[in-house]
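One structure below.
The values are calculated or read from the model by the stated rules, or taken from the named source; none is laboratory data. These numbers come from a predicted model, not from an experiment. Neighbour counts are summed over all protein chains in view; Cβ atoms, including those assigned to glycine, are modelled from backbone coordinates with ideal geometry. These accessible areas exclude ligands, DNA and RNA; they are computed on the full protein's heavy atoms, side chains included. Shrake-Rupley method; radii C 1.70, N 1.55, O 1.52, S 1.80 Å.
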Amino acid sequence: MDAILSLAADNLLSPIILSFVLGLAAAYARSDLSVPEAVAKGLSLYLLFAIGFKGGASVAAHGIDQTLILSLVAGLVLSFSIPVVAFGLLRVMSGLDTVDAAAVAAHYGSISIVTFVAGSSVLTSAGLEGEGYMVAVAAVMEAPAILSALWLIARSGARRAMDGELMREVMLNGSIVLLVGAFLIGWITGADGLAQIESFIVAPFLGVLCLFLLDMGLVAGRGLRQSARLLTPGLLLFGVVMPLIGSLAGLAAGMLIGLSAGGVSLFMILAASASYIAVPAAMRVALPEANPSIYLTLSLGVTFPFNLTLGIPIYLAIARIATGG
Amino acid sequence: MQTHKAKRVEIIIEAVMEKRLTDALEGAGVTGFTVLPVRGGSGRSGAWSRAGQVSRAGGMSCVVSLIRPEKLDPLLEAAFKVVERHIGVVSVTDCDVLRAERF
């Protein structure tokens, strides 16, 4: 318990969390502080490229084994199955109708790459390193949850087709292409490639992440300010309980595969996180009747801050205890 | 200056549906349109702003097309199939254009 509290305190006072809190506070105070859209896009491109490249370089350094395949399969299974659990919980805890519950559930089966990036940096600060291929696991966990949500809707009789164009948009969305592409470049070029661009993708990484999280804080704060009234106590509770349940599923997967403490932590973080980029776009196309204020506010305004501040230290501490790492 | 009667169709639609809409317009034989960014607004679904969007899911686009009056119905039928279930506004206004052969 002391370890968790100590890690949580360190995490809460880190520059990345305080930057997020600054954004959140500025939004609540109705400050006109904003990160221009193009800058925010540039920051996210940088972070995706850096995290992908470093993951690929790590795989090149350590090699691959069957745990890579098992992790990818486990990621797929988790992404398909977590929405089913989330859907059931939502129906019990929140009273949302089928469409809204399925849309929210899809977000929780998919992942938040920013939470993954923030978690990776906390791991590094704690002296841990996850398996480099967890970047690829993150990529495969983006889309399956959307199919699960549509299946949940279909069960209720309101069939929603996942057309080919939507599938292509989800599978080839810019974040996934850049993340996987950078991972492959890092894998191919290895340590030499990393050495060539290290000054660009390693040293400035935390500073860029701070700015990006400042923007995320602004977005989350404005979303909460506008839509907090939609969040019933049941929904709020779901936004905190569901990531904990997801993290336990990630813990089980990581332990069964035999990942390191860092790898198990990252699996927990991925399974606990909720999407707010790829899935909302897919839901607007496939389930326009679902209320975006509910799923975006819950994912970005409740679960993301929870994971960022308390969740990540908790997952990291549990993974350490479970693996003895 | 000689002017000609035309229709100006303005469709404000969710950004994620923009490509589907322009594809539908082209399928209906409407090859001339302009896509404009939209900064923000408010409506039945609440207020929104282009600033502070983490994804295209919350953004909107505006597609404007100037067409001959006889092309209006095919355009609206094609557009309706795309926008029917989505947030947005479709409006039609009368206008005058120069160089009728371009529409």
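Couple of notes before you dig in:
- Identity of the residue in segment A:29-47, at pLDDT below 90 and of a type in the set (Ser, Thr, Tyr), that ends up least open to solvent (accessible area, probe 1.4 Å): A:Ser44
- Condition check for B:Ala6: surrounded by 13 or more Cβ atoms within 10 Å (Cβ to Cβ), hydrophobic (A, V, I, L, M, F, W, C) and modelled with pLDDT under 90: no
- Residue list for segment A:36-60, filter: polar (S, T, N, Q) and free of Cβ contacts under 8 Å to residues at least 12 places away in the same chain: none
- Members of segment A:209-234 that are buried (at least 18 other Cβ atoms within 10 Å of the Cβ), in a helix (DSSP H, G or I), touching a Gly at 6+ places or on another chain (Cβ under 9 Å) and among the hydrophobic types (A, V, I, L, M, F, W, C): A:Leu213, A:Leu214, A:Met216, A:Leu218, A:Val219, A:Ala220, A:Leu224
- All helices (runs of 4 or more DSSP H) inside segment A:115-183 with 1 or more residues being over 18 Å from the mean Cα position of the chain (by Cα): A:144-155, A:164-171
- Options A:Met255, A:Met242; residue that is under 14 Å from the mean Cα position of the chain (by Cα), away from chain B (no Cβ under 14 Å) and not aromatic (Phe, Trp, Tyr): A:Met242
- In segment A:6-16, residue most open to solvent (accessible area, probe 1.4 Å) [restricted to those that are among the aliphatic types (A, V, I, L, M) and over 19 Å from A:Ile318 (Cβ atoms)]: A:Leu13
- Meets criteria (over 23 Å from A:Asp215 (Cα atoms), surrounded by 13 or more Cβ atoms within 10 Å (Cβ to Cβ) and modelled with pLDDT of 85 or more) for A:Ala60: yes
- Out of A:Ser299, A:Ser247, A:Ser265, A:Ser275, sole residue that is assigned to a loop (DSSP other than H, G, I, E, B) and either buried (at least 20 other Cβ atoms within 10 Å of the Cβ) or at negative phi (or both): A:Ser275
Here's the yes/no breakdown for (1) more than 17 Å from A:Val122 (Cα to Cα); (2) away from chain B (no Cβ under 14 Å); (3) at pLDDT below 85; (4) in contact with a helix residue (DSSP H, G or I) (Cβ under 8 Å, 6 or more places away or on another chain):
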site	(1), (2), (3), (4)
A:Met283	yes, no, no, yes
A:Ala286	yes, no, no, yes
A:Glu289	yes, no, no, yes
A:Ile294	yes, no, no, yes
A:Ser299	yes, no, no, yes
A:Thr309	no, yes, no, yes
A:Ile312	no, yes, no, yes
A:Ala317	no, yes, no, yes
A:Thr323	yes, yes, no, yes
